[in-house]
Amino acid sequence: MFLLWSAFLLLTGAIVYLSLQDGITAKEQMYKIVEYLQKYTEIDLKDRLGMESADRDQIAYLLRQGGRAVAFFLLGILGTLSVHMTFRKMNWLTKTCITSVCLVAIAYFTEKVKEYLPTRHFSREEMLLSIAAVILGFFFVSFITFLGSVLRAIKCMMARS
């Protein structure tokens, strides 16, 4: 449990840290990542991303959004696992409601706070991407745990007969 909560809190901290950066710092960091990828990998990002005349800003934006989706998907998985594993005896619906509200709140507030940062802006599309990714992570874990419950029930029924 400790490892799950540690990973969840560490990822949440990283997301909050990146969200609280001003726009100039965030862009500079993404440019460094784009330059690194172009310099040290054999991947031609322009061809890979399907752009004919991709510039550094377009590539950085797409990488940032992809990173956002992956980070929030993982946050959904870790948050759901943490709550469901820690509070095993709690009602499933209660755990599910608490988890989903907390995860969506993190996704919402990490975008909403950008209204108050210099050179940053609130983006409804980016907020919806974060919420969709965190919910997908939540549903992924929920589906796996539900499937496990069904398989255990089938195994018990087969053992009785």
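Only one entry of Thr25, Thr80 meets the criterion of being at pLDDT 90 or above, of a type in the set (S, T, N, Q) and part of a helix (DSSP H, G or I), and that entry is Thr80. Does Ala69 fit the bill of being surrounded by 14 or more Cβ atoms within 10 Å (Cβ to Cβ) and either part of a helix (DSSP H, G or I) or at pLDDT below 80 (or both)? Yes; evaluated as a whole, the condition is true for this residue.
The condition (being under 23 Å from Arg68 (Cβ atoms) and modelled with pLDDT under 95) is satisfied by just one residue among Ser149, Ser142, Ser130: Ser142. For first residues located in the stretch 1-20 and surrounded by fewer than 13 Cβ atoms within 10 Å (Cβ to Cβ), partners that are modelled with pLDDT of 95 or more and lie 6+ apart or on another chain with Cβ distances below 6 Å do not occur.
So, in the stretch 116-161, how many residues would count as being part of a loop (DSSP other than H, G, I, E, B) and surrounded by 10 or more Cβ atoms within 10 Å (Cβ to Cβ)? So the answer is 6. Looking at Thr110, Thr86, which one is within 20 Å of the chain's Cα centre (by Cα) and at pLDDT 80 or above? Of the residues listed, the single one that is within 20 Å of the chain's Cα centre (by Cα) and at pLDDT 80 or above is Thr110. Would you check if Val113 is surrounded by fewer than 19 Cβ atoms within 10 Å (Cβ to Cβ), under 30 Å from Met30 (Cβ atoms) and of a type outside the set (Phe, Trp, Tyr)? Yes, satisfied. For the residues Ser123, Ser149, the requirement of being under 27 Å from Lys27 (Cβ atoms) and without any contact (Cβ under 8 Å) to a residue 40 or more places away in the chain singles out Ser123.
On the given criteria, is Met90 farther than 20 Å from Glu111 by Cα and touching a residue at least 40 places away in the same chain (Cβ under 8 Å)? So Met90 does not fit the description; no.
The values are calculated or read from the model by the stated rules, or taken from the named source; none is laboratory data. For clarity, every value in this text was computed on a predicted model and none was experimentally measured. Backbone-built Cβ (ideal geometry, glycine too); neighbour counts: all protein chains shown.
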